[in-house]
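Below you'll find the structure, written out as structure tokens, and then a few comments.
The values are calculated or read from the model by the stated rules, or taken from the named source; none is laboratory data. Since the structure is predicted, the reported quantities are computational estimates derived from the model, not experimental observations. As a convention, Cβ positions derive from the backbone with ideal geometry for all residues, glycine included, and neighbour counts pool all protein chains shown.
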Amino acid sequence: MDFELSLEQQRIQSLARDFANDEVAPLARAADETGEFPMHLIGRMAELGFLGGPIAREYGGAAMDAVSFALVCEELGRADSSVRGLLTVHASLVSGCIEQWGTVEQKERYLPKLTSGEWIGCYCLTEPEAGSDAANIQTTATADGESYLLDGEKIWITNGNLARLAIVFATRDRAERHKGICAFLVENDNQGMRREKMPGVELGHRASDHAHITFENCRVPASAMLGEPGEGFKIAMSALDRGRLGVAAGAVGIGQACLDACVQWARERRQFGRRLGDFQMVQATIANMAADIAAARLLVYHAAWLVDAGRPATQAVSSAKLFATEAAARAASEAVLLYGNRGYSSEYPVERYYRDIKGLQIYEGASNIQRIILARELIGREQ
């Protein structure tokens, strides 16, 4: 059993860490406060090979293995969850789906644009009545000659207003539930597609673009279908397996950021004439946090290793996503408490980590959904 990263993996980790420290982290607080994504970072991620990280070189990608891409997501998550979120959706959910399920023509048309950053992608699955229950999609796809008409709405679509390309999930027959779902590649210039920012102010990931997208007689050619008719649910779940790994790695990054902040604070902050780190209760808190993050990291790397080995990874990915997000949530809560009144303000980043981690516990399958997946994998379904 070898726990050493390869030289190439170490190179990618170092590249991502330098980018996160030098270019992402300095902008994170301002982006969070203004709610504006630093758009120039998209071009930089393309230059560094992150935007097309897992995609084959023939389409402009970097052909990273799953472990390497998890390392990128971890480092970006440590600096800014909004940047990590854009990358995971774009590269794992959108580009990864097209590479796995697309025709040669679809791959050649879209992947070079996505890996270069010329186009950004979004993944349109969530609806007002279909979140955790993805099979309950209400958006319809009605055959009309050589085309389909899409009608319905999607909410909380990350990158939705930035995207030039959307993967849209719709059903040909609601009564068939998951068996009726299809996936379509929809370009943003379609007149039947209306996009707007989600109302309100997000708890976390405030620099992310979250869209409410409405489809009304949105005509797409039959050639825009991704995969075969009725394969949409399978496509969606395959994408979420990839995306959840990126979320889990991002959660490890948040947890590590909390740990780093707490260690620094414990060394510098003095109370009752002593460093905070000299109090045993503080030491216990930091020790538990360190053990949690180390365990989460191993779960993420093991799940990524299984993906690279071509072995079944659904159970391992769900375990990693569940444990890493819950561990990071505990770390963020303890970090705010340890910082006291300073942790209650955006003056210090632990306040942002506390808000951001709640999103990772919810999207791409909330914690309780991961528990259901794990239980079904372990127990099986009654025959």
Name, by its number, the condition in (1) more than 16 Å from the chain's Cα centre (by Cα); (2) crowded, with 20+ Cβ neighbours inside 10 Å; (3) among the hydrophobic types (A, V, I, L, M, F, W, C) that does not hold for Ala287. (2)
Cross-chain or 6+ apart pairs with Cβ under 6 Å, segment 186-207 first and free of Cβ contacts under 8 Å to residues at least 40 places away in the same chain and surrounded by 15 or more Cβ atoms within 10 Å (Cβ to Cβ), then of a type outside the set (S, T, N, Q) and part of a loop (DSSP other than H, G, I, E, B): Asn188/Arg164; Arg195/Gly160
Answer from Tyr110, Tyr123 - the residue that is in contact with a Cys (Cβ under 8 Å, 6 or more places away or on another chain) and buried (at least 18 other Cβ atoms within 10 Å of the Cβ): Tyr123
Which residue out of Ile167, Ile181, Ile155 is of a type in the set (Val, Ile, Thr) and either under 16 Å from Leu86 (Cβ atoms) or in contact (Cβ under 8 Å) with a residue 60 or more places away in the chain (or both)? Ile167
Pairs needed: first member in segment 90-102, among the hydroxyl-bearing types (Ser, Thr, Tyr); second member anywhere, modelled with pLDDT under 95; C-beta distance under 6 Å; at least 6 residues apart or different chains. Ser92/Arg242; Ser92/Gly243
For segment 85-102, does any single residue satisfy the condition of being more than 17 Å from Ala248 (Cα to Cα), outside the structural domain of Thr158 (by TED's automatic domain parsing) and of a type in the set (D, E, K, R)? yes
Has segment 207-214 got any residue that is closer than 30 Å to Thr171 by Cα, touching a helix residue (DSSP H, G or I) at 6+ places or on another chain (Cβ under 6 Å) and either at pLDDT below 95 or acidic (Asp, Glu) (or both)? no
Just one of Gly60, Gly49, Gly43 is closer than 18 Å to Gly246 by Cα and at pLDDT 95 or above; which is it? Gly49
From Val72, Val104, Val67, grab the single residue that is surrounded by 20 or more Cβ atoms within 10 Å (Cβ to Cβ), over 13 Å from the mean Cα position of the chain (by Cα) and over 28 Å from Thr214 (Cβ atoms). Val67
Can you pull out the helices (runs of 4 or more DSSP H) entirely within segment 302-383 that have at least 3 residues that are of a type outside the set (S, T, N, Q) and closer than 22 Å to Asn288 by Cβ? 314-339, 350-362
Does Cys97 satisfy the criteria of being within 25 Å of the chain's Cα centre (by Cα) and more than 20 Å from Gly192 (Cβ to Cβ)? yes
If you scan segment 172-225, which residues turn out to be in contact with a Pro (Cβ under 8 Å, 6 or more places away or on another chain) and part of a loop (DSSP other than H, G, I, E, B)? Arg172, Ala207
If we keep just the residues of segment 129-140 that are within 20 Å of the chain's Cα centre (by Cα) and assigned to a loop (DSSP other than H, G, I, E, B), which is nearest to Ala366 (Cα to Cα)? Ser132
Subset of segment 38-53, residues surrounded by fewer than 23 Cβ atoms within 10 Å (Cβ to Cβ) and outside any helix (DSSP H, G or I), comes to Pro38, Met39, Gly49
